[in-house]
Amino acid sequence: MTRQRSFWLDHGYDRTHAVAGTGRYARRVHDGAAEFTDAYGDIAPVTFACVAWRLATPPALSPGFVRWHPRIISATCRRNRWDGTLTAEVTLVAGWPEELRAARHWWRDRGWRDWPQRFGQWLDPTEEDLSRRPHLRASLLVEAPVPVERLPAAPDGPHDRLAEAARRAVTVLARELDELLTPVIEQLESDPARETGH
């Protein structure tokens, strides 16, 4: 059985869409070197890693160098203001809670709909969808600390190896988030009856 993944890096797309031998992500980091200004020389790798992650994901890079499971709506990283650690914030598509699935008296013949799906992707309802029926789209917000021990040190400034350091930071974050969230996604995927199908 193939292991479900929640986060991975798309090296293939990055390479095949390279320009003059420079991958898309490396080019984005080079073009956005000024966005790392507050991270340069920081004793902690957190700010640098957060900027590297942001530049690897939509909308900064679309499609992203970091890819994720269709259930993931967004995935961001930020420095925790309390102690400076790294906090990930990930929003996932979820089915309706048991309290709403168990009984439908609350529908009142309005034909409530869940997340629209097309080719395995969860989508926002279109304006046309919203003009016809009400939608109730459940989601889960995961906020979790991410270990920083394996993150590369923040560079002292922009240099030729900036993209390499950013790539290492994104690799570590993708692995940590994949390990954290894959069991959650596997559980959500294991019970199709939990999805309303509407």
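Read the figures in this text as sums done on the coordinates, not as results from a lab. A quick note: this is a predicted structure, and the numbers were derived from the prediction, not measured. Cβ: placed from backbone, ideal geometry, glycine included. Neighbour counts: every protein chain shown.
Can you pull the one-decimal nm distance between simple spin-label points at T126 and R110, each 7 Å off the Cα toward Cβ?
Placing both labels 7 Å along Cα→Cβ, they lie 2.3 nm apart.
Normalised by the residues of the chain, what does the relative contact order come to in percent, with Cα pairs under 8 Å and at least six apart? Working shown, then result.
Details: 301 pairs, mean separation 58.6, N = 198.
RCO, the chain: 30 percent.
Choose one answer from T171, T37, T87: the residue with the largest mean-square fluctuation in a GNM of the chain with alpha-carbon springs under 10 Å.
The residue with the greatest mean-square fluctuation here is T37.
Per-residue HN-Hα couplings for region 7-17, Karplus 6.51 cos²θ - 1.76 cosθ + 1.60 at θ = phi - 60°, whole Hz, x for Gly and Pro?
Using θ = phi - 60°, the values come out as 9, 7, 9, 9, 5, x, 5, 4, 6, 5, 10 Hz.
How much space per residue, in cubic angstrom, does the convex hull of the C-alpha atoms of the chain take up?
On the way: hull volume 31.2 nm³, N = 198.
Considering the Cα atoms of the chain, their hull volume per residue is 158 Å³.
With springs only between Cα atoms under 10 Å apart, run a GNM on the chain and tell me which of V90, V146, V19 wobbles the most.
Largest GNM mean-square fluctuation: V19.
If you average the sequence gap of Cα pairs under 8 Å that are 6 or more apart and divide by the length of region 22-130, what percent do you get for the contact order?
Numbers: 96 pairs, mean separation 18.9, N = 109.
Here the relative contact order equals 17 percent.
Build a GNM of the chain with springs between Cα atoms under 10 Å: which of D42, D114, D31 gets the top mean-square fluctuation?
Largest GNM mean-square fluctuation: D31.
Hey, fewest Cβ within 10 Å first, where do E143, E164 land in order? Before the final figure, lay out each step's value.
Numbers: E143 10, E164 14.
With the fewest neighbours first, E143, E164 line up as E143, E164.
Please work out the FRET efficiency for the pair T37 and S74, using the Cβ-Cβ distance as r and a Förster radius of 41 Å; give the result to the nearest 0.05. Provide the component values of the computation, followed by the final result.
On the way: r = 25 Å, r/R0 = 0.60.
Using R0 = 41 Å, I get an efficiency of 0.95.
Quick check on the exposure proxy: order R108, R5, R54, R167 from fewest to most C-beta atoms within 10 angstrom.
Fewest-to-most Cβ neighbours within 10 Å comes out as R108, R5, R54, R167.
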